[in-house]
1. Please list, in chain and number order, the residues 5+ apart from Arg38 or on another chain whose amide H is under 5 Å from its amide H, with Hs placed from the backbone.
2. What is the sum of charges, Lys and Arg at +1 and Asp and Glu at -1, for the other residues whose Cβ falls under 10 Å from the Cβ of Ile11?
3. Go through 30-40, 74-84, 45-55 and give me the packing order, highest mean Cβ count within 10 Å leading.
4. Give the carbon-plus-sulfur fraction of the accessible surface of the chain in %, rounded to a whole number; probe 1.4 Å, heavy atoms of protein chains only.
5. Give the accessible surface of the chain per residue, rounded to a whole number of Å², with probe radius 1.4 Å and ligands, DNA and RNA excluded.
6. Over segment 2-84, calculate the relative contact order: mean separation of alpha carbon pairs under 8 Å at least 6 apart, over the residue count, as a percent.
7. Can you tell me the FRET efficiency between Arg2 and Glu66 if r is taken as the Cβ-Cβ distance and R0 is 22 Å, rounded to the nearest 0.05?
Amino acid sequence: MRAHMMAGREIVVCHTREGVFALDSVCTHAHARLCEGRLRATRLVCPLHGASFDIRDGRVLGPPAEVPLATHQVRVTDGTVEVALSGPAPV
Ligand code: FES
């Protein structure tokens, strides 16, 4: 996992056997940095209270988070990862 700032927003890029995925790096529960969490296959676990998210679509897999993460389109071109942000940053 790597975190990057894009347009004032922290994005976490996850490289897995299933591909490369990009999501907002701020947990929807209480704003922990998910880039400091653990990645197990396609499950991203928050380092603060343990909520987990599916990095493929951002859905919540485990509490206490209830709101999914924003996901972003990824394209890999000649080894370069390109991310297209989707929508505005959450408030
Ligand atoms: S801040 Fe992520 S689960 Fe609480």
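The values are calculated or read from the model by the stated rules, or taken from the named source; none is laboratory data. Everything numeric in this text was worked out from a predicted model, so none of it was measured. All Cβ positions, glycine included, derive from the backbone under ideal geometry; neighbour counts span all protein chains shown. These accessible areas exclude ligands, DNA and RNA; they are computed on the full protein's heavy atoms, side chains included. Shrake-Rupley method; radii C 1.70, N 1.55, O 1.52, S 1.80 Å.
1. Answer set, sorted by chain and number: Val45.
2. It works out to a net charge of 0.
3. Numbers: 30-40: 16.2, 74-84: 10.4, 45-55: 19.0.
Top of the packing list down: 45-55, 30-40, 74-84.
4. 51
5. With the other protein chains kept in place, the chain gives 61 Å² per residue.
6. Values: 172 pairs, mean separation 17.6, N = 83.
After rounding, I find 21 percent.
7. 0.25
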